[in-house]
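Scroll down for the structure; my scribbles are underneath it.
The values are calculated or read from the model by the stated rules, or taken from the named source; none is laboratory data. All of these numbers come straight from a predicted model, not from anything done at the bench. Because the Cβ atoms are built from the backbone with ideal geometry, glycine has one as well, and the counts that use them run over all protein chains shown.
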Amino acid sequence: MDLVQSLFNYAWQIVVYLFLLWLVYYFFTNTSRTTKVSVTIASALIIAVGVSTGMLESQFNNIDAASEQHIKHIKAIQETYDS
């Protein structure tokens with residue numbers, strides 16, 4: 001599972017870098033105002049999705065860590081009562 005997650009993170013970084021290159025290309029070429037507005041809106045949406053994905057991932061990692069701590073705590077309580 002860690003391999004899949006690391007590959008997903010790596011792929012996501014590649015997508016973000018390619019999008020940033022595309023964004024720079026459109027802003028430094030002679031394009032119309034409506035195209036620049038469209039690119040700005042698209043970039044805001046993509047950045048929002050990226051930030052929310054990162055936030056969700058960190059929350060899931062925190063939940064996993066908390067679950068492991070709870071399991072250790074429950075096992076310690078069981079060992080205390082068993083002995």
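Quick notes on this structure:
- Pick from the stretch 1-31, criterion among the β-branched types (Val, Ile, Thr) and under 15 Å from the mean Cα position of the chain (by Cα), ranking: modelled with the lowest pLDDT: Val4
- Boolean, Gln69 is within 20 Å of the chain's Cα centre (by Cα), in a helix (DSSP H, G or I) and among the polar types (S, T, N, Q): no
- Residues that are assigned to a helix (DSSP H, G or I) and surrounded by 13 or more Cβ atoms within 10 Å (Cβ to Cβ), drawn from the stretch 23-34: Leu23, Tyr26, Phe27
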